[in-house]
Structures are given as C-alpha cells and as structure tokens.
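Worksheet for the structure shown next.
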Amino acid sequence: MSAPPVKSNTRQQHRLHPLPVRVMHWTNAAAIFIMIGSGWKIYNDDVLFGFLHFPDAVVIGKWAQHGLQWHFFGMWVFVINGLAYLSYGIATGRFRQKLFPLSLREILATVGDALRFRLAHEDLTHYNAVQKILYLGIMAVGVLTVISGLALWKPVQFSELASLFGSFQAIRLVHFLCMAAIVGFLVIHVTLALLVPKSLVAMLTGGSAVDGKPAPADAAAGATP
Amino acid sequence: MSFRTRTLSLFRPQQPIDQRVLTQHRALVDAVNRRGVLRGAISLGALTLLTGCDVTEEEPVQKALRAVSTWNDRVQAAIFRPDHLAPTFSPAQVVKPPRFNAYYDIEDVKPVNGATWKLELAGRIDDKRPWTAPQLYALPEQEIIIRHICVEGWDYIGQWSGVNLKGFLQRVGADLTAKYVYFHCADDYTESIDMAAALHPQTILATRYANETIADPFGFPLRLRTATKLGYKNAKWIKAIEVTNSFTETFWSKQGFNWFAGI
C-alpha cells in the first residue's frame, strides 16, 4: 500500500522488526502453539500411524471436544493473523527486500558454509540464502496447512478442493505433514534464536534502527559476533 | 469409571461432569466473570502456556471456547451450499457392514422391535399421525452412496436407502421455514440439524444399507443419513421427529462438541 517508511532526513529510522511484524510474529507463535497442541489431541482419537500417539502431557485439551474447541478457535487467529502478515510483507516490500533475490549460487554457497559451521549471523538485517529458503518455505507450508485444513473441515462444501487430495485420509496426511514441517522448522528456528540471543531480543524490542538497505556487518551495534 | 483405559474413542462414555464442584465454587466463578471479559481473554492465551495445568475445563475458558463454537455454527451455515452435492461412490467401494459407533459399545445395543415401533411426529407438522415401519418402508426410496466422516478422523463409504427427508417433511405438512429438525432416539440420544441440511437432496431417513434392511447396531428401523454432516449428527433408532424453531442442546453439543458439525 505504502512505500517503505524510510525517512532519510530524520534520526528516527524504522527498526529492523517494525512493531506490526513483532505483534504478528508473537500472535502467530501463540496460534501455532494452540494449533499444534490441539491438533495432536485430535490426531490421537484416530491415529494415522500406529506407532505415533502424542502423550497427554503435550496435547491441549483433556477430552476430544476440548482439542476440537481449541483448534477451531486457533484457526481464526492463525488465518487472520497470517493473512495480515502476508499482506503486510507484500505491501511494504519487506518480503522483497528481505527474502529476494534468491540465487542458486548463493544457496549452494550458504549451504556449504552451514555444513562447515561457518554461517555468519552477526548482521541481523541480512538473511542468508538458507534463511531465505526456510522463511519462504515455511510460509508456503503455512498456506498449504490452511488449504488442507479447509478441505479437512469442509470436504463436502469444498468438495472441489478436497478432490485435489484424493481421499479424505490423504487430506489428513497432508495436514499432518504440514504440521511435521512446521515442527521441524520450529526446532531449527528456536534453536538458532537461542544460539543468537540478540535475534530473539530484536523480535521483542524491534532491534536496531535500519535505513531499509542491507546494512554493513557492523550496523548491529553492540552485538556480539 | 474406567472406560477411558479401555478405549480412546470419544464416543465411549466419559466421566460424568461432577456438578458439585461447580455448585461449591459458584460464588467464585461469578466473581471471576464480573472482572471482565477482556481480562479473561488476555489470560486465556497466557494460561495455555502453563504446562501441566489444564485450563480448558475452567468455566470462563469453556464459555469463551463455546462462544467461538457458536460463532463457527453461524459461519458454517453461511458457507453451506444447499444444492451442492457431496461426492458419491460406486457400490464396489461400499464397506460392509458399516462401521459402528455410539456412546456405548456394540454389544450394549438394545434392538428396537420393528413390530411395535412407531415414528412419532411433533412440533410444526400438520399431520402428526405416527408411522409404522411397514408404512415407512413402503415410501419411495432414494439411494445414496456417500462418505461417512467421523469427528474422530476415520471415514468409510456407505450405501444407504430410504425416503428423502425433504419429501417426507413435505408429505406430513411440516413447516419448512422452521429452523430445526430434531431427532429423538430409542437410546435417549438426541440430535438436531438445521432446516437447510434437512432439505438437502442427500439427506434421507435410511431404512436399508447395501440393499438390506439396516441391522440393529446401525439404527434399525430408522436412522438419519445426511451427506453434509459429521457422523454423530446422523441419529439412529429414531423414534420421534420434531420440527421446531427453538434450540436445545443435543447429546454431543451439551458436552462441548460443535452443534452444526457440517462437512
């Protein structure tokens, strides 16, 4: 809708994570927490894999109806917040600026660095290729989660959509795999956030002021390498 | 009761709600309510983060979650497509016998005597004369081969025949502008569906499964089969049908399951 809020003449520059991003990030965190915990409760009533049953200690809801209640409450938070986030990211140019361009050469180089534990993360304003792929990928997974969830919720009203998946159990499987992908992402995401605590602080406080362009490595003032 | 260790199915009896706890803490609960919805809403999210502490059954939390469930009823009614047909299948895909489910086990089913059974009609219906099984079985039949989806997550293809519910309601002079159709069952089960679902072309009063009279565990002599609702909405062993504008909670909605339960 509007250009990036960059005011070059003022000292008041926008932060690495503007307030709307932080609010939506933590709203999403709460929604994901509810959706996964209650989803596990729902899953337990008719498991897809005989070997996998989520322990009562990690599910949300004591009885089946409670898991369902949480899930069909959380879906609104997840979807509305997610739509707001995607609209914001596209309209403000944040996605374009943070996640693109994405070149194959950069990806290969970063993966190589990552495997040799040489990934630099001192500059929070710049995402490396692996980060770009992870963030783009998890957004795509989020969209597929909602689409498969919609097909699961209303396989008759949205039978055209549901038929794309094949059987009803196939929809469940896709929805389950989306959850697994999100859990996998969370393991990496949370681990790295804890390894680089300033990134966690930045998502709470907004981080340092940036001018909208990828900053030099020393722009993250006071940050430990 | 120790039913839970026996099976994880949600359609098995669960521990009854102990009303004494609510009565004892009535004053406290009222006090909490008066402190405002906003505070409750904020703490709702925060409380979920407390591991090992189940807040779901606390009254303010249940109130909020059930309010969302009621909102979801409205959303489902709004997106319901009255003439949109559910996918149908071939007789080769039909599972025989159908899958049993109730709030008790199959061996506890109390068969209904078809010779003495009568279907009572109540509420906004002109002709309330009861129907015998032979009368009902003589009505024109419609067959639907549709997917049964249980809220638990499983599904199967079933082949059901019986009189179209809309046709039957018209025949007895029911008020088709009323809001709900209630089903009262021989096992004290109750279910109700919205009128739009009742009038859907794939909603029938089933009397036969896979071309044979429905067996006892599956609802003989009369059960509901609608392609637009989850399994638990499909009342079995129906003994009375009531057309009404007043809403009363049904067997599962009382326990917190979504009432509309559309698919």
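Before moving on, here are some points about what is shown:
- Every condition in (1) away from chain B (no Cβ under 12 Å); (2) assigned to a helix (DSSP H, G or I) is met by residue A:49 except one, and the failing one is (2).
- Members of segment A:92-108 that are touching a residue at least 24 places away in the same chain (Cβ under 8 Å) and surrounded by 13 or more Cβ atoms within 10 Å (Cβ to Cβ): A:92, A:93, A:94, A:97, A:98, A:99, A:107
- Among (1) buried (at least 18 other Cβ atoms within 10 Å of the Cβ); (2) modelled with pLDDT of 80 or more; (3) not in a helix (DSSP H, G or I) - the single one residue A:166 does not satisfy: (1)
- Residue list for segment B:205-251, filter: within 14 Å of chain A (Cβ to nearest Cβ) and either free of Cβ contacts under 8 Å to residues at least 24 places away in the same chain or acidic (Asp, Glu) (or both): B:249
- Residues being among the basic types (Lys, Arg) and touching a Phe, Trp or Tyr at 6+ places or on another chain (Cβ under 9 Å) - total across segment A:76-121: 2
- Failed condition for residue A:105, given (1) within 14 Å of chain B (Cβ to nearest Cβ); (2) farther than 27 Å from residue A:23 by Cβ: (1)
- Among the residues of segment B:71-90, those identified as in a helix (DSSP H, G or I) and either touching an Asp or Glu at 6+ places or on another chain (Cβ under 8 Å) or within 11 Å of chain A (Cβ to nearest Cβ) (or both) are B:71, B:72, B:73, B:75, B:76, B:77, B:78, B:79.
- Residue match in segment A:60-73 (condition: over 22 Å from residue A:136 (Cα atoms), among the β-branched types (Val, Ile, Thr), more than 9 Å from chain B (Cβ to nearest Cβ) and part of a loop (DSSP other than H, G, I, E, B)): no
- Of the helices (runs of 4 or more DSSP H) lying entirely inside segment A:90-154, those containing at least 1 residues that are at pLDDT 90 or above are A:94-99, A:129-153.
- Contact map, segment A:119-145: residues that are under 17 Å from residue A:108 (Cα atoms) and surrounded by fewer than 17 Cβ atoms within 10 Å (Cβ to Cβ) paired with residues that are of a type in the set (Gly, Ala, Ser) and at pLDDT 95 or above, Cβ distance under 9 Å, separation 6+ or inter-chain. Pairs shown: A:137/A:181.
- Residue in segment B:82-96 that is surrounded by 12 or more Cβ atoms within 10 Å (Cβ to Cβ), under 29 Å from residue B:255 (Cα atoms) and more than 19 Å from the chain's Cα centre (by Cα) present: no
- Boolean, residue B:134 is free of Cβ contacts under 8 Å to residues at least 24 places away in the same chain and not in a strand (DSSP E or B): yes
- Residue check for residue A:171: modelled with pLDDT of 95 or more, within 13 Å of chain B (Cβ to nearest Cβ) and surrounded by 14 or more Cβ atoms within 10 Å (Cβ to Cβ): yes
- Residue B:137 being surrounded by fewer than 18 Cβ atoms within 10 Å (Cβ to Cβ), modelled with pLDDT under 95 and not acidic (Asp, Glu): no
- Of all residues in segment A:178-205, exactly one satisfies the criterion of being of a type in the set (Ser, Thr, Tyr) and more than 22 Å from residue A:118 (Cβ to Cβ), namely A:205.
- Residues within segment B:146-174 that are within 14 Å of chain A (Cβ to nearest Cβ) and either modelled with pLDDT under 95 or at positive phi (or both), tallied: 1
- Hits in segment B:222-251 - residues which are part of a loop (DSSP other than H, G, I, E, B) and within 9 Å of the chain's Cα centre (by Cα): B:230, B:234, B:235, B:250, B:251
- Note on segment A:29-62: residues that are small (Gly, Ala, Ser) and farther than 19 Å from residue B:62 by Cα amount to 3.
The values are calculated or read from the model by the stated rules, or taken from the named source; none is laboratory data. Fair warning: this is a prediction, and the values are worked out from it, not measured in the lab. Glycine gets a Cβ as well: all are built from the backbone with ideal geometry, and neighbour counts include every protein chain shown.
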